[in-house]
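Values in this text are rule-based calculations from the coordinates and carry no lab data. Fair warning: this is a prediction, and the values are worked out from it, not measured in the lab. All Cβ positions, even for glycine, are placed from backbone atoms using ideal geometry, and neighbour counts span all protein chains on display.
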Amino acid sequence: MKFRTEIEVAPWQKPIDYTDKITCIGSCFATNIAERLRRHKFNVVASPTGILFNPASIAQAVEMMTDSYEGRCVVDRDMMIKLDGRYVNYDFHSAVSGATAEEAMQLMQRALVEGGHHLLGSDLVIITLGTAWCYVHRDSQRVVANCHKQPSALFERRLMSVAEVVEALQRAIERINGRVLFTVSPVRHMGEGMEDNSLSKAILRVAVNEVCAMYDSGVDYFPAYEIMLDDLRDYRFYEPDMVHPTGQAVDYITEKFFDAALSTTARSTMQRISKVVAAAEHRAFNPSGEGYKNFCRAQLKEIAALEYVDLSKEKEFFECMLGINE
């Protein structure tokens, strides 16, 4: 007897490996996925300009990053404001800010250049769309990435059409050299209201479907949204705010991604890496004992065998433990 509808994701014909570079862009769910990839030591960068929710801002960020890396774009000072003693920019998340306007400009420009460098060199770019609702800054008539809690009178709230989302996603794709994987964030935007959130997600899903159909290869969709809503359709998989998926839910969705996207070699390597990472996090009962010293030596030997993966943190830990005890 079946009690749930499990979603099976077809294996990729061209799977990813540890030699691949990955960039995650978009909503907080993109950051969640990047954290899981990073824990397993993949070469991944998450949202260089901070969390982004709507397709227009994501496309603009991609354009700004690639243009900045090629020396054709600078941070727009006119979009800068002072917020609680720090300088932020409507084109960036508040995570990218500075104590002075000049410091903020430098940090933002660096984020764009470094983001462009990694983006253009990525073999896979994961773009997670959060909402089709956007906010237009009335004075500049530009869609903002973040309102920074400014008065609502400064913005016009607007729902992007399917055609507008398609156009924005195409703009992003044209700037990306590697494979593009779209996801729709399973995080519900309760501030929009249940009906507006549902409408927003539907627009995103239809638009992504249209975009994927335009390309013979290299542009795909991963059903993170459907896995959350149709496979894990139980409130125990949501945080107490009833909006964000629990860590367990994100782990489950990530496992589905790994099962479909990773090569056989990458899956085997990931298992070995997981054991090394877990070993470094483990606290020994008797750190000075000969048994633990041999354990540290065995881990260092395994790290040496995984030389193409960055396990420098774990290597430093085991070398330190041996140095203390020898």
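Could you check what % of the DSSP bridge pairs in the chain are antiparallel, to the nearest 5?
Working: 13 of 32 bridges.
In the chain, DSSP labels about 40 percent of beta bridges as antiparallel.
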Whole-number D in µm² s⁻¹ for the chain, Kirkwood Cα-pair radius fed into Stokes-Einstein, 20 °C, 1.002 mPa s
100 µm²/s
Specify the angular offset, from 0 to 90 degrees and rounded to the nearest 10, of the alpha carbon long axis of helix 55-69 from the longest principal axis of the alpha carbons in the chain.
70 degrees
In percent, how large is the relative contact order of the chain, given Cα pairs closer than 8 Å and 6 or more residues apart?
20 percent
Grab the beta carbon distance between L322 and E103, set R0 = 45 Å, and tell me the FRET efficiency rounded to 0.05.
0.65
Show me the ranking of peptides 264-270, 284-290, 122-128, 307-313 by mean Cβ neighbours inside 10 Å, starting with the highest.
122-128, 264-270, 307-313, 284-290
So what's the Cα pair-distance distribution over region 14-133, bin width 5 Å, in %?
2, 12, 21, 23, 19, 14, 6, 2, 1, 0
For the pair S94 and R77, the simple spin-label estimate (label points 7 Å beyond Cα toward Cβ) gives in nm 2.5 nm
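If you take every residue apart from T246 with its C-beta less than 13 Å away from the C-beta of T246, what net charge results, scoring Lys and Arg +1 and Asp and Glu -1? Walk me through the numbers on the way to the answer.
Working: positive: R236; negative: D234, E239, D241, D251.
For residues surrounding T246, the net value is -3.
Which percent of the Cα-Cα distances in region 264-326 go past 17 Å? Walk me through the numbers before you get to the answer.
Details: 685 of 1953 pairs.
Every Cα pair in region 264-326 considered, those over 17 Å come to 35 percent.
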